[in-house]
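Colleague: First the structure, which I've put down as structure tokens, then a few questions once you've had a look.
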Ligand code: PPE
């Protein structure tokens, strides 16, 4: 991976190579951590974080679901992240906030082990490759089912839960495919190993509902809105496996991946990215980079607004009406 200079760790900016944890950290042994993946884009207003507050709110929800009280407020983490990007001098980057149970107590009820909090940023290119983004990826339905809500919490973005995604991704990569598609425990389509899924049938966009064990993707929400604004019908409903094979178009959405067309599934050819995929992808990329006026409110500029700036302080929190924290 490409390094940056500094990482924010437990409230301090430390050199990249010095951001360390103890080998007996609880999170390493049991996966007791919750994290986010965000992206910062170069825009006309300088670097800006896409749906920053939505990501941090999901982080807080994931933490709550796993009984991990976050040591910092959403606004403190938001400002630390903006400051980290400024100090690293990055114009665009991936952002990885993570809170995890640290060193101090072993066993499953280790409530005295402290909760550590880190935010790292680094340049990260196209998750499924540049070619995947433009030409589409080849996907395989995984033999591993997505974690069931009976045993874990699909809605939470928790470290240990990613062993499920890793099994699916590894299986598909070893079989020569670029991505895995997981079914839920009932056998309906759920999502990619690190992306939500959209299926086009008879000109309508379909995407699995929350009860299908999906992660409530920030980009899924954005794409639903963008597609509706473009005049398409978007239906959240269960999708049968075979509907993937006979779909007109299929695409994946996620922070790391952005919007990636799928060109074949289990060797059933869907072909080059379709018209609707292209249309939504173009608008979505405009939104990410601040080129779409109506979605500008989704971007949290990293640099404080100048005296001529529209909103005082201009943090996403300020615009969304929450209390603002001074830099
Ligand atoms: N499902 C899963 C399982 C998932 O990990 C992600 C994001 C999504 C859906 C899409 O969610 P959102 O980014 O909010 O639209 N995956 C993150 C982690 C990827 C990684 O390899 O690490 C990401 O894209 O940042």
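Every read-out reported here was derived from the displayed coordinates using simple, explicitly stated rules and does not represent laboratory data. Note that the structure is predicted; figures quoted are calculated from it, not measured. Neighbour counts run over all protein chains shown; Cβ positions are idealised from the backbone, glycine included.
Colleague: Given the chain, what percent of its DSSP beta bridges are antiparallel, to the nearest 5?
Modeller: Values: 45 of 54 bridges.
Bridges in the chain that DSSP calls antiparallel: roughly 85 percent.
Colleague: Between residue 238 and residue 267, what's the calculated FRET efficiency when r is the beta-carbon distance and R0 is 25 Å? Round to 0.05.
Modeller: 0.60
Colleague: If you take the square roots of the eigenvalues of the alpha-carbon gyration tensor of segment 182-253 and sort them as a ≥ b ≥ c, do you get rounded (a/c under 1.5), prolate (a/b over b/c) or oblate?
Modeller: Oblate, since a/c reaches 1.5 and b/c is not below a/b.
Colleague: If you don't mind, there's one more thing I want to ask. Using all Cα-Cα distances in segment 237-295, what percent lands in each 10 angstrom bin from 0 up to the longest?
Modeller: Whole-percent P(r) values from 0 Å outward: 21, 44, 27, 8.
Colleague: How would segment 68-161 be classified by its alpha-carbon gyration tensor: rounded, prolate or oblate, with rounded meaning a/c under 1.5 and the a/b versus b/c comparison settling the rest? Spell out each step's value before the answer.
Modeller: Working: a/c = 2.80, a/b = 1.13, b/c = 2.48.
It is oblate, given that a/c is not under 1.5 and a/b is not larger than b/c.
Colleague: Which one of 15, 208, 47 has the biggest mean-square fluctuation once the chain is modelled by GNM with Cα springs under 10 Å?
Modeller: Looking only at 15, 208, 47, the largest GNM fluctuation is found for 15.
Colleague: Of 216, 54, 229, which is the most mobile in a GNM of the chain whose springs link Cα atoms less than 10 angstrom apart?
Modeller: 229
Colleague: How far, in nm, would the chain grow between residue 29 and residue 297 when pulled straight, counting 0.36 nm per residue and subtracting the alpha carbon separation? Numbers along the way, then the final one.
Modeller: Working: separation 268, 0.36 × 268 = 96.48 nm, distance 3.96 nm.
Value of the extension gain: 92.5 nm.
Colleague: Build a GNM of the chain with springs between Cα atoms under 10 Å: which of 88, 174, 164 gets the top mean-square fluctuation?
Modeller: 174
Colleague: Shape verdict for the chain, please, from the Cα gyration tensor: rounded (a/c under 1.5), prolate (a/b greater than b/c) or oblate.
Modeller: Here the chain falls in the oblate category.
Colleague: With n ≥ 4 as the cut-off for DSSP H runs, can you work out [θ] at 222 nm for the chain, using -39500 (n - 2.57) per run divided by the number of residues, rounded to the nearest 500?
Modeller: Helix-only estimate at 222 nm: -8000 deg cm²/dmol.
Colleague: Now a separate question. At residue 245 and residue 155, where each label point lies 7 Å from the Cα along Cα→Cβ, what is the point-to-point distance in nanometres?
Modeller: 3.4 nm
Colleague: Would you please put 239-252, 283-296 in order of how densely packed they are, using the mean number of other Cβ atoms within 10 angstrom per residue and starting with the highest?
Modeller: 239-252, 283-296
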